[in-house]
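Okay, structure first, notes after.
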Amino acid sequence: MDKPKLTNIDIYCIARLIQNSFCAPDQETINTYRPFYGCMYCKYAASECNSPEKIRWRIVFKKLSELTGIPLSTCIARTERIGAVFLPESHYIAHPEDIHELERVHDPETVEKIKSWVDIVIAHSNGTSG
């Protein structure tokens with residue numbers, strides 16, 4: 001199966017999504033979702049991204065997921081979903097000894113859950129069950 005190709009519109013959309021992550025106002029101060037703040041200023045909003053079936057970021061997320069193996073979705077990463085959302089293609093699969101670094105952003109209980117998810121993923125990739 002051929003890998004998807006990113007179009008100029010896809011690349012523009014990716015740039016807007018990155019711009020949002022660094023430049024959009026704090027969520028509390030705006031009346032839209034921060035990750036999509038730049039969409040209001042997008043040059044393709046009225047023509048290429050104007051109906052639910054044509055929303056570009058959904059197309060881009062699908063293509064990027066297929067190209068990278070990183071699952072992208074519109075769900076907000078709840079603590080119980082961190083493993084499923086962030087571990088595929090993660091540094092911690094190859095280097096589980098570094099899992100303690102996550103204590104900078106997560107409480108110890110969440111880090112322990114993530115460690116157990118990493119152990120399960122590694123066990124499954126080795127053909128064993130954990």
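Points worth noting:
- Residue 100 without any contact (Cβ under 8 Å) to a residue 60 or more places away in the chain, in a loop (DSSP other than H, G, I, E, B) and not β-branched (Val, Ile, Thr): no
- Within segment 12-35, being modelled with pLDDT under 80 and within 30 Å of residue 1 (Cβ to Cβ) holds for one residue alone: 35.
- In this structure, residue 88 does not qualify as surrounded by 10 or more Cβ atoms within 10 Å (Cβ to Cβ), part of a loop (DSSP other than H, G, I, E, B) and modelled with pLDDT of 75 or more.
- The residues in segment 26-39 that are of a type outside the set (S, T, N, Q) and exposed (fewer than 11 other Cβ atoms within 10 Å of the Cβ) can be counted, and the count is 2.
- Selection within segment 4-31 - more than 19 Å from residue 56 (Cβ to Cβ) and either assigned to a loop (DSSP other than H, G, I, E, B) or of a type in the set (Lys, Arg) (or both): 25, 26, 30, 31
The values are calculated or read from the model by the stated rules, or taken from the named source; none is laboratory data. Just so we're clear, the structure is a prediction, and the values are computed from it rather than from any experiment. Positions of Cβ are backbone-derived with ideal geometry, glycine not excepted, and every protein chain shown enters the neighbour counts.
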